[in-house]
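The values are calculated or read from the model by the stated rules, or taken from the named source; none is laboratory data. None of these values were measured; they are calculated from a predicted model. Don't worry about glycine lacking a Cβ; one is built from the backbone with ideal geometry, like all the others, and counts go over all protein chains shown. Note: accessible area is taken over every heavy atom of the protein model, side chains too, but ligands, DNA and RNA are not part of it. Shrake-Rupley method; radii C 1.70, N 1.55, O 1.52, S 1.80 Å.
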Amino acid sequence: MASSQEVLVIDLNEMAEYQRLLEGRPQTCGMRSGRVYLQPGQACGQHSTEQKEEMLIFLSGRGKLLIGEKESFQVGQGKVSYIPPHTRHDVKNTGNEPLIYIYCVVPVGGGAEQ
């Protein structure tokens, strides 16, 4: 499938805060992405992937990926996580330094997000 979107190169800023990277349509065919910056003890907040897949790429720090109410995984620098559709999850910084990661969210089945 041909795309009318253009190649993008985005600079990560040096600020200690959330940074939106890709906003979805019309910038992409449906992918959204951003950099998350969690202070020690902070969490992103439980939410669902709904009809999307999500990948988390951990750049620094350490924490826990909480799946639903009972399952958890250790995450941090050098780890990549895949979260399937319809999965409730949260990320919590359990370390003493910022937990920084990039998320990429894509609609399932190759369909474009509205």
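The table for this structure:
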{"read-out": "In region 82-96, the residues that are open to solvent by 100 Å² or more (accessible area, probe 1.4 Å) and farther than 14 Å from residue 54 by Cα", "value": "96"}
{"read-out": "Residue in region 63-77 that is among the small types (Gly, Ala, Ser), at pLDDT below 95 and within 16 Å of residue 47 (Cα to Cα) present", "value": "yes"}
{"read-out": "Within region 104-114, tally of residues that are crowded, with 17+ Cβ neighbours inside 10 Å and β-branched (Val, Ile, Thr)", "value": "2"}
{"read-out": "Checklist (1) open to solvent by 50 Å² or more (accessible area, probe 1.4 Å); (2) among the aromatic types (Phe, Trp, Tyr); (3) within 15 Å of the chain's Cα centre (by Cα) applied to residue 101, failing item", "value": "(1)"}
{"read-out": "Residue in region 13-37 that is farthest from residue 78 (Cα to Cα), counting only those that are hydroxyl-bearing (Ser, Thr, Tyr) and surrounded by 12 or more Cβ atoms within 10 Å (Cβ to Cβ)", "value": "28"}
{"read-out": "Residue satisfying all of: in region 38-81; surrounded by 15 or more Cβ atoms within 10 Å (Cβ to Cβ) and charged (D, E, K, R); nearest to residue 96 (Cα to Cα) among these", "value": "62"}
{"read-out": "Subset of region 21-35 (residues that are of a type in the set (D, E, K, R) and under 15 Å from residue 102 (Cβ atoms))", "value": "23, 32, 35"}
